[in-house]
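Beneath this line is the structure, given in structure tokens, with notes to follow.
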Amino acid sequence: MRAHRLLTASLATYAVVAVAALEVDLPISARSDEVESDSTAVVYDAARPLLVGNDGGASTGGFRLFDLDGGTLLPEVKHETPGRTKLVATVYGIGEKDLVVTIAQPDSYFRLYDAATAEQMGGPVARTLGDWSALCAWKSQSSGEQYLYLFGKHQAVHFLLRGRNDTIEIVEIQTFDTPVEASSCAISLSAQSVYFSGDDDAFVYTFDAAESTAVPQISVLGEADDDITGLATYIGIDSDYLLVAQEDSIAVYNTSFALQGSMKLSGDEDIEIQGLNVYQAPMQNYSAGVVTYAIESDAGKGFAVSSLGTAFNELGLEINTAYDPRKAANSSTPIRAQCNFNGFRLNCTLCSCFAGFEGAHCASFTCRNDCSARGVCVDANLCECDEGWGGLYCAFKVVEPVAETDANGGDGDDPAIWISPIDKSKSRIITTTKSEEGAGFGVFDLSGKKLQTIEAGEPNNVDVIYNFQAGNRTVDLVYAACRADNTLCLFEMTANGTLQAIAGGTQPTKDDYDVYGSCVYRSRKTGKQYLFVNAKTAEYLQFELTWVDEALHTTLVRNFTGGSGGQVEGCVSDEANGWVIIGEEPHALWRYGAEPDDDSTEGIIIGEVGDGHMYADVEGVTLVEGATADQGFIIVSQQGVSAYNVYRRAAPHEYVETFTIYENVEKGIDGVTNTDGIAAVGAALGDAFPNGLIVTHDDANQLPEGGTSDEASFKLVSLGDVLGKELMQEVDRNWDPRAS
């Protein structure tokens, strides 16, 4: 703590320098057409320099190559579509080729492409389950070996990328914890340092770039003036510069984090940039190179570049157009035959083995958790799982979807299940579309057939309220937090399963509050109906819902901070026990009292990321009712590993199992990836789902004929397939939400 205070005090000096530092104009020199963009890389090529940009679109996902020197509209050279992709990087001199490196979100595999032709080099390699947010390449200047640093949910993975036996392989060296979820990274050759920063964070963190299996010592390099949106390094002749993006400007620091000046983007309005990179070599149109970035502005979203020459000259910065990323000393590699090329040689007798290798000379391989005793270890940390098991080291039970909803809308998020009062087989699935395109609700029958869509202001999470007294009528309601205007959205669900507007269906929250997740709660003590809504800041608002003057009306009755203050979203109430259960995405699943007068200063952790069972992001959460308040199950989705944890409803909420959803080949239904919202009921819903139903969000709606749809689908799974015969005995198959 003392060291942190000293560092904070020293950063105050930088803030003073920043006020007096020179700011110069940095016009947009060229930009691409519309692309769902996040990150950039560059390919150094004197004949045709390239910008590499990710494509985060559903059907177009992958990466795109653009001619960097092609004019004010960046000409697209190539577009590859392995699946929705956030991260791209380039490496040089692997098997005498320069490569583009990507990791696709739907399957978490690395893919390698020849940078000159965009031809894929072999098949997907090194599947690394997780929700990854930053990727950096580093060529050791002492050995010439090529490494990757992949960052995700409070962790990073260090890889070796090498050509071996006529193939190219990616080998994990180690995985280690980081203090934040990195959203950008960069590497300085002169300082031999890795830099990274997190979302909504002004700090730059650093550790040594090293050929070592020792856990890096991470420290704070410095604090920028504002939240950081991107990092890159400019390789100098003697010392490098660190480029730090902050919305619409790029600050330039030396490697001691002394501010050298800043560059303000111009050429459009409401500019926000991220995913920085630099091409330093001279080009026909840019004699001193360019900075590349993903951009969102009034003109749209895509990629752009800015010439560095004028800005660097005005700031008095040293220009180095002679930099060549292919060059390295290549004097001696620490990866030697003595260690079977599976570790670093420490001296003449000692080896330090890469992850998954062991023995004095790293000659044997092993697997984490011994493949959970449900598979065979066939290579370093590579398990061949028994039938019915998969996921991380065979730890997840595998189930298959039995149906899926028709494709609908753009970016889906959360489902709810409405149980029909007339015939349970006529129950409905309600889903949200939170993107501008197709924003609103979809209504489906239990086969997944779309019956209705209704517009709403980008609803996120959705829940059902049963038996609400609206004057002299008793109605069912559908509730969501609508992000377009930061309101609470409510619709009536008629007895025949149709959504319709209701008076007072749009309710305010409070000033300067951005809604995110939501859920509902009816008090068994008072009979009052409540609505919960949260913001990414972890502030929860609790409203009482009433009927006043022939319309719905809300009154704020409580607000509190959920969890430890990290980003929250999913929540569900347990009315019989008087609880609200909330997901804090990077950290844990929590339980709080749901009554307005309950103590909300301290919650109870049900499951915590890093406890051996739970993984980030903690997303959707749902409750399966039992016959009593002590029976039933809590199910929570974990986006980073595309899996779901099951806990017992009764305290202390014993962990039961983890399951994941693979494709149903026979029915042509794809598996679930990057899962988000989830809903489940144990009630028998006719012949289609006699053992209950789980409905869950699927990020990539992959089509049987190949490719991915632009429209979302939700997958339907039998609850009985997940819980099995014995656990299903604890579920109330006759549950009636209107009788509670």
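The values are calculated or read from the model by the stated rules, or taken from the named source; none is laboratory data. Keep in mind the model is a prediction, meaning the values are calculated, not measured. Positions of Cβ are generated from backbone atoms using ideal geometry, with glycine treated the same way; all protein chains shown enter the neighbour counts. These area figures cover heavy atoms from the full protein model, side chains too; ligands, DNA and RNA do not enter into them. Shrake-Rupley method; radii C 1.70, N 1.55, O 1.52, S 1.80 Å.
Structure summary
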item	result
Given (1) farther than 22 Å from Asp414 by Cα; (2) in a strand (DSSP E or B); (3) modelled with pLDDT under 95, number of the condition Glu602 does not satisfy	(2)
Pair list, Cβ < 8 Å and 6+ apart or interchain, from the range 679-696 residues that are more than 17 Å from Phe444 (Cβ to Cβ) to residues that are acidic (Asp, Glu) and assigned to a loop (DSSP other than H, G, I, E, B)	Gly682/Asp732; Ala683/Asp732; Ala683/Asp736
Test: Ser197 is at pLDDT 95 or above and open to solvent by 30 Å² or more (accessible area, probe 1.4 Å)	no
Strands (runs of 3 or more DSSP E) (entirely within the range 293-361) containing at least 3 residues that are at pLDDT 95 or above	300-307, 351-353
Unique residue being touching an Asp or Glu at 6+ places or on another chain (Cβ under 6 Å) and either crowded, with 19+ Cβ neighbours inside 10 Å or not charged (D, E, K, R) (or both) when the list is Gln174, Gln246	Gln246
Residue tally, condition in a strand (DSSP E or B) and either small (Gly, Ala, Ser) or closer than 22 Å to Gly410 by Cα (or both), over the range 50-82	8
Matching strands (runs of 3 or more DSSP E) fully within the range 385-474 where at least 3 residues are among the hydrophobic types (A, V, I, L, M, F, W, C) and at pLDDT 95 or above	396-399, 412-418, 440-444, 459-470
Residues being among the hydroxyl-bearing types (Ser, Thr, Tyr) and in contact with a helix residue (DSSP H, G or I) (Cβ under 8 Å, 6 or more places away or on another chain) - total across the range 220-261	0
Residue check for Ala47: assigned to a loop (DSSP other than H, G, I, E, B) and either open to solvent by less than 50 Å² (accessible area, probe 1.4 Å) or not aromatic (Phe, Trp, Tyr) (or both)	yes
Only listed residue being surrounded by fewer than 23 Cβ atoms within 10 Å (Cβ to Cβ) and more than 26 Å from the chain's Cα centre (by Cα), chosen from Asp227, Asp238	Asp238
Total residues in the range 149-160, condition in a strand (DSSP E or B) and either over 18 Å from Asp208 (Cβ atoms) or open to solvent by 30 Å² or more (accessible area, probe 1.4 Å) (or both)	1
Near pairs, Cβ below 8 angstrom, 6+ apart or cross-chain, from the range 336-347 (in contact (Cβ under 8 Å) with a residue 12 or more places away in the chain and open to solvent by less than 60 Å² (accessible area, probe 1.4 Å)) to any residue that is of a type in the set (D, E, K, R) and not in a helix (DSSP H, G or I)	Gln338/Arg345; Cys339/Arg345; Phe344/Glu211
Matching residues in the range 421-435 - criterion: being in contact (Cβ under 8 Å) with a residue 40 or more places away in the chain and open to solvent by 10 Å² or more (accessible area, probe 1.4 Å)	Pro421, Ile422, Asp423, Lys424, Ser425, Lys426, Arg428, Lys434
The range 376-420 - residue that is open to solvent by less than 30 Å² (accessible area, probe 1.4 Å) and acidic (Asp, Glu) and, of those, nearest to Arg733 (Cα to Cα)	Asp414
Candidate set: the range 586-599, residues that are farther than 25 Å from Thr526 by Cα and open to solvent by 10 Å² or more (accessible area, probe 1.4 Å); chosen: the one modelled with the highest pLDDT	His587
Positions within the range 601-618 being without any contact (Cβ under 8 Å) to a residue 60 or more places away in the chain, small (Gly, Ala, Ser) and in contact with a strand residue (DSSP E or B) (Cβ under 7 Å, 6 or more places away or on another chain), in sequence order	Gly603, Gly607
Any hit, the range 533-544, residues being under 24 Å from Arg473 (Cβ atoms) and in a loop (DSSP other than H, G, I, E, B)	no
Subset of the range 161-211 [among the aliphatic types (A, V, I, L, M), farther than 23 Å from Ala538 by Cα and assigned to a strand (DSSP E or B)]	Leu161, Ile168, Ile170, Val171, Ile173, Ala186, Ile187, Val194, Val204
Residues of the range 500-548 satisfying the condition of being under 20 Å from Gly457 (Cα atoms) and charged (D, E, K, R)	Lys510, Asp511, Asp512, Asp514, Lys536
